[in-house]
Amino acid sequence: MPLHDVLRLVGAGILAWMGLLLARDDLTLVTTQDLGFGLFLVAVAYGLLLVKRHFDRTLPR
């Protein structure tokens with residue numbers, strides 16, 4: 001996996017972790033939980049997309 005893809009995957013993991021931390025903080029609005037969980041889901045989906053693209057490029061057809 002090229003370095004830039006690894007860095008993107010690490011960045012997506014950090015965003016997912018930050019989303020879970022944001023969802024954990026129950027400030028006063030339910031929207032912070034929704035926003036944090038949404039950020040987590042988007043980051044995980046992006047990470048899975050990066051892994052899929054890597055295997056699509058490296059596996060022979």
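The values are calculated or read from the model by the stated rules, or taken from the named source; none is laboratory data. What you see is a predicted model; the values in this text were computed from it and never measured. Each accessible area value is taken on the protein alone, full model and side chains, heavy atoms only, with ligands, DNA and RNA left out. Shrake-Rupley method; radii C 1.70, N 1.55, O 1.52, S 1.80 Å.
What the phi angles of the range 31-46 give under the Karplus curve with 6.51, -1.76 and 1.60, with θ = phi - 60°, is a coupling list of 5, 5, 5, 5, 5, x, 5, x, 4, 4, 5, 5, 5, 5, 4, 5 Hz, glycine and proline written as x. The residues of the chain have, on average, 78 Å² of accessible surface per residue, using a 1.4 Å probe with all protein chains present.
Relative contact order of the chain, taken over Cα pairs closer than 8 Å and 6 or more residues apart, is 35 percent.
Once percent of Cα pairs over 19 Å apart is calculated for the structure shown, the corresponding label among (1) 17; (2) 22; (3) 40 turns out to be (3). Expressed as a whole percent, the accessible area of the chain that falls on carbon and sulfur atoms is 73 (1.4 Å probe).
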